[in-house]
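What follows is a set of notes on a single structure, which appears directly below.
Any read-out appearing in this document is the output of simple, stated calculations on the displayed coordinates, not a laboratory observation. The shown structure was predicted, so the numbers you read here are calculated from the model rather than taken from an experiment. Every residue, glycine among them, receives a Cβ derived from its backbone with ideal geometry; neighbour counts consider all protein chains shown.
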Amino acid sequence: MSANRSNLSERQFEILVGNLLRYGVIIATAVVFIGGVFYLINHGNEAPNYEIFRGEPPYFSSPEGVATAAFSGRRRGIIQLGLLLLIITPVARVAFSLLAFIRQRDSLYIIITIIVLLGLLISLSGN
């Protein structure tokens, strides 16, 4: 009976992770699309100037800056937020895997997943 319950919870976890990845990508795509539409509405008729290079504004160098730009209505900020959501989706998958391994008390996979999650979070923070 407990083996059946374990398989059921593993199956439920697989469904949860699958939905997390699916809906994460759908939401990220929708946010990028909406930001792109708003950007094109305001800048679609402008001719690009390739003679002058303009890098990303400094506030796009951190997740907090991206979120602030997006929630203040900046169109490029909305696009960047969608891309950030797309990056965060697999990170959330690793975090959910960690919870599953903790629940299963699988210490080897807990350690490996913590290392992977820390690496992802450090790279995401820009440090």
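Comparing 27, 52, 111 in a Gaussian network model of the chain (Cα springs below 10 Å), the most mobile by mean-square fluctuation is 52. Residues considered: 22, 105, 74. Largest GNM mean-square fluctuation over the chain, using C-alpha springs under 10 Å, is found at 105. Sparsely packed loop sites in the stretch 15-98 (the GluC sites (Glu not before Pro) outside DSSP H, G, I, E and B with at most 12 other Cβ atoms within 10 Å) comprise 46, 51. For the chain, modelled as a Gaussian network with Cα springs under 10 Å, which listed residue fluctuates most, 112, 34, 88? Maximum fluctuation in the GNM of the chain, among the listed residues, is at 112.
Shown here for the stretch 40-127: chymotrypsin sites (Phe, Trp or Tyr not before Pro) in loop regions (DSSP other than H, G, I, E, B) with at most 12 other Cβ atoms within 10 Å, namely 50, 53.
Here the chain is assigned +1 on the Cβ of each Lys and Arg and -1 on the Cβ of each Asp and Glu. Its dipole about the Cα centre then comes out at about 340 debye. Rounded to the nearest 10 degrees, the angle from helix 75-104 to the longest Cα principal axis of the chain is 10 degrees. Helix 2-43 and the longest principal axis of the Cα set of the chain meet at an angle near 0°. For the chain, the longest principal axis of the alpha carbon atoms and the long axis of helix 107-125 meet at an angle near 10°.
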